[in-house]
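First, the structure itself, so that you have it in front of you.
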Amino acid sequence: MNIKITTENKIKAELFVMGQFEGEKNLKESISRLAKEDKFTGEFKQTYLFSDEDQPIMLMGLGKKADFNLEKLRKIAGFSARKAVEYKVRSLATTLSQTEMKGADAAKKAQAVTEGLILGAYKFVRYKTETKEKETPKLCNIVLISKDKSAIKGMEKGKLLAETANYVRDLVNTPAADMTPTLLANEAKKVAEENKLKITVFGKKELEQKKMNSIIGVGRGSVQEPKLIVIETNPKAKKKIALVGKGITFDSGGLDIKPWPYMVNMKSDMAGAAAVLGAVRIAAKLKLSVNIVGIMACAENMPGGTAQRPGDIITSYSKKTIEVVNTDAEGRLVLADAVTYAEEQKPEAIIDIATLTGSCIVALGYSAAALICNDENLKKSLKKASAETGELLWELPLLDDFRDAVKGKLADVKNVGNEKAGAGTITGGTFIESFIQKTPWAHIDIGGMGWFIEDKDYVPEGGTGFGVRLLASLAENWK
Ligand code: BES
Ligand code: ZN
Ligand code: ZN
């Protein structure tokens, strides 16, 4: 995406986007009159298309001025970009970056608009061969109008964040046949090489040597080797946090095979690992002082003849034994070994992110990720990052009831809670908690947020890139 900033007010573009608050008319008299005649009130996300002196203009409702904030600006920008894609325009200019708002400087506003536009214009077209599709004009030129020089810095940052989230979306949208653990590791190697980062990839042999049986168990039914990918941004730094992502490149359920239609989008079950890779990329490009240890626990969950069976008992890397009650609760199994490895690195905090449960969609829909956390300070930092990025978290509790629910009958723990305990998202998180010894830890379940089934504001359907900006913001503000 080519994006630049200008102080000029009158510039030509295939589409010019402007905002208007409810009950205000800060536009040219003639436009105001036109809009009013057509019942444009400025209600949030209301759109009004017209032409002024041959310039196509899209007027966007911003809602009530007192309620406006950066996330709403991001949403309006994203919505506009999606419209622009729909109208097949190649260039867009906008004054949205100048929207009046309390408590936000020009840089923050330019950043939000840039993020919204680049995220909203995203489309996954890699597998389209038809010339018609390929030749479709693509929104590729954006001009932001702002009088403030500091807007440039915000624009640059927004570009990095949004383009990285779009890269993560590409990884998630790529079919599982083309995004195996090995291929995902190759992607991580590319990111590492590009940014001169240290990377270690444990393949099957190394996982066996280390006795990471919980990861190996999940991968046993597939011909694809499992991989544990470890990538570090700044090994010499004093401060260190570990980000751990679930990287199931395809979740068939294993022998507890998923019935139709629950399997169809399961190429997205590596969204947590991809988000970790995205956050690592941003931390590297921003040269953050904290060391991010990105850990991606990758396997393909398949029901092949060598697959693990319901009822099998494995000895995890931590030496704790696990009863595999359901092979479809595989995310927590790969994470068990990964968080044990993470804790060995002695970070100040461990944050895992995972498309862990379908129950998360029951609890929070496609509006927020679930947060389970054993430390108040870490919680605070995550909530701050959430407020800043608009990537919403909603807290669920850690309770002894659920710790009891994951106690094993024959082994130390089991990978599914008691049926009577309910609360699938909490039992999933609580299972992972049982592998944490003493480090502040947070679990982010993106069961609903990793993959969207319809377009929403700045997120087109498919892989969302959720968590990339959230984790990058957490890292940036780590003290
Ligand atoms: N990857 C799924 C969870 C999931 C489902 C994420 C739908 C996004 C959309 C996970 O591995 C899984 O199958 N979880 C089971 C756990 C159950 C067997 C205890 C679930 O949530 O149903
Ligand atoms: Zn599963
Ligand atoms: Zn899964």
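Kindly list the number of the only condition in (1) within 12 Å of ligand 1 (Cβ to nearest atom); (2) out of contact with any Phe, Trp or Tyr (no Cβ under 6 Å at 6 or more places or on another chain) that fails for T321.
(1)
Please verify whether the stretch 128-139 includes one or more residues that are closer than 17 Å to E163 by Cα and in contact with a Lys or Arg (Cβ under 7 Å, 6 or more places away or on another chain).
Scanning the stretch 128-139, I find at least one residue that is closer than 17 Å to E163 by Cα and in contact with a Lys or Arg (Cβ under 7 Å, 6 or more places away or on another chain), so the answer is yes.
Now for a different question. Kindly indicate whether any position in the stretch 396-414 is in contact with a Lys or Arg (Cβ under 8 Å, 6 or more places away or on another chain), more than 16 Å from ligand 3 (Cβ to nearest atom) and without any contact (Cβ under 8 Å) to a residue 12 or more places away in the chain.
Yes.
Of everything in the stretch 308-355, what is more than 16 Å from ligand 2 (Cβ to nearest atom) and either among the basic types (K, R) or without any contact (Cβ under 8 Å) to a residue 24 or more places away in the chain (or both)? Give them in sequence order.
Passing the criteria: G311, K319, K320, E344, K346.
Turning to a different aspect of this structure: Give the number of residues within the stretch 236-269 that are within 23 Å of W441 (Cβ to Cβ), crowded, with 24+ Cβ neighbours inside 10 Å and away from ligand 2 (no atom under 12 Å from the Cβ). Before you say what the answer is, go through the steps one by one.
Keep residues of the stretch 236-269 that are within 23 Å of W441 (Cβ to Cβ), which gives 237-248, 269.
Cutting the leftovers down to crowded, with 24+ Cβ neighbours inside 10 Å gives us 241-248, 269.
This time we only want the ones that are away from ligand 2 (no atom under 12 Å from the Cβ), so: 241-245, 247.
Matching residues across the stretch 236-269 total 6.
Just checking, which of L144, L160, L171 is buried (at least 21 other Cβ atoms within 10 Å of the Cβ), of a type outside the set (D, E), at negative phi and not in a strand (DSSP E or B)?
Only one candidate passes the filter, namely L171.
May I ask you to list the residues in the stretch 413-449 that are outside any helix (DSSP H, G or I) and farther than 15 Å from V339 by Cβ?
Matches in the stretch 413-449: K414, V416, G417, N418, G422, A423, I446, G447, G448, M449.
So, A421, is that one hydrophobic (A, V, I, L, M, F, W, C), more than 16 Å from ligand 2 (Cβ to nearest atom) and at pLDDT below 95 or not? Talk me through it step by step, then tell me what you get.
Working: hydrophobic (A, V, I, L, M, F, W, C): yes; more than 16 Å from ligand 2 (Cβ to nearest atom): yes; at pLDDT below 95: yes.
Yes: the conditions hold for A421.
When you scan the stretch 393-403, do you find a residue that is under 17 Å from the mean Cα position of the chain (by Cα) and crowded, with 16+ Cβ neighbours inside 10 Å, even just one?
yes
Any idea which of A349, A363, A354, A368 is within 16 Å of the chain's Cα centre (by Cα) and surrounded by fewer than 24 Cβ atoms within 10 Å (Cβ to Cβ)?
The conditions single out A368.
Here's a follow-up. Could you figure out which of (1) within 16 Å of ligand 2 (Cβ to nearest atom); (2) buried (at least 21 other Cβ atoms within 10 Å of the Cβ); (3) under 22 Å from the mean Cα position of the chain (by Cα) isn't true of T389?
In the conditions (1) within 16 Å of ligand 2 (Cβ to nearest atom); (2) buried (at least 21 other Cβ atoms within 10 Å of the Cβ); (3) under 22 Å from the mean Cα position of the chain (by Cα), T389 misses (1) alone.
Out of all the residues in the stretch 284-311, which are within 14 Å of ligand 3 (Cβ to nearest atom), closer than 24 Å to I436 by Cα and of a type in the set (A, V, I, L, M)?
Across the stretch 284-311, the qualifying residues are A297, A299.
Can you tell me which of (1) among the basic types (K, R); (2) part of a loop (DSSP other than H, G, I, E, B); (3) more than 12 Å from ligand 1 (Cβ to nearest atom) is the one K258 doesn't meet?
Every condition holds for K258 apart from (3).
Just name the residue that is farthest from G417 (Cα to Cα) out of those in the stretch 365-383 that are in a helix (DSSP H, G or I) and touching a helix residue (DSSP H, G or I) at 6+ places or on another chain (Cβ under 8 Å).
Applying the filter and picking the extreme gives S381.
Output the number of residues of the stretch 312-338 satisfying the condition of being outside any loop (DSSP other than H, G, I, E, B) and more than 11 Å from ligand 3 (Cβ to nearest atom).
So the count comes out to 9.
Among what's in the stretch 11-28 and is exposed (fewer than 14 other Cβ atoms within 10 Å of the Cβ) and modelled with pLDDT under 80, pick the residue that is farthest from I118 (Cα to Cα).
K28
Still on this structure, please answer the following. If a residue has to be part of a loop (DSSP other than H, G, I, E, B) and either closer than 18 Å to K64 by Cβ or in contact with a Pro (Cβ under 8 Å, 6 or more places away or on another chain) (or both) to count, how many in the stretch 10-40 make the cut?
Number satisfying all stated conditions: 10.
Follow-up question, since we're still on this one. Being over 16 Å from A274 (Cα atoms) and modelled with pLDDT of 95 or more is the requirement here; does L470 meet it?
no
Let me ask something else. Return the pairs, sorted by first residue and then second, in which the second residue is aromatic (F, W, Y) and outside any strand (DSSP E or B), the first residue lies in the stretch 283-301 and is over 24 Å from M155 (Cβ atoms), the beta carbons are less than 6 Å apart, and the residues are 6+ apart or on different chains.
Final answer for the pair search is V290/W478.
Among residues belonging to the stretch 182-221 that are of a type in the set (S, T, N, Q) and under 23 Å from D269 (Cα atoms), point out the one that is surrounded by the most Cβ atoms within 10 Å (Cβ to Cβ).
Among those that are of a type in the set (S, T, N, Q) and under 23 Å from D269 (Cα atoms), it is S214.
Might you let me know whether the stretch 345-356 holds any residue that is more than 13 Å from ligand 3 (Cβ to nearest atom), farther than 13 Å from F431 by Cβ and in a helix (DSSP H, G or I)?
No, the stretch 345-356 contains no residue that is more than 13 Å from ligand 3 (Cβ to nearest atom), farther than 13 Å from F431 by Cβ and in a helix (DSSP H, G or I).
Go through the stretch 308-322 residue by residue and tally those that are crowded, with 21+ Cβ neighbours inside 10 Å and either under 10 Å from L410 (Cα atoms) or modelled with pLDDT under 95 (or both).
Residues meeting the conditions: 1.
Going residue by residue through the stretch 222-235, is there one that turns out to be over 24 Å from S316 (Cβ atoms) and either free of Cβ contacts under 8 Å to residues at least 12 places away in the same chain or surrounded by 14 or more Cβ atoms within 10 Å (Cβ to Cβ) (or both)?
Yes, the stretch 222-235 contains a residue that is over 24 Å from S316 (Cβ atoms) and either free of Cβ contacts under 8 Å to residues at least 12 places away in the same chain or surrounded by 14 or more Cβ atoms within 10 Å (Cβ to Cβ) (or both).
Identify, please: which residue in the stretch 73-101 is charged (D, E, K, R) and touching a Lys or Arg at 6+ places or on another chain (Cβ under 9 Å) and is, among those, farthest from A13 (Cα to Cα)?
Restricting to residues being charged (D, E, K, R) and touching a Lys or Arg at 6+ places or on another chain (Cβ under 9 Å), the top hit is E100.
The values are calculated or read from the model by the stated rules, or taken from the named source; none is laboratory data. The model shown is predicted, which means the values in this text are computed figures rather than measured ones. Heads up, the Cβs are rebuilt from the backbone with ideal geometry, glycines too, and the neighbour counts pull from every protein chain shown.
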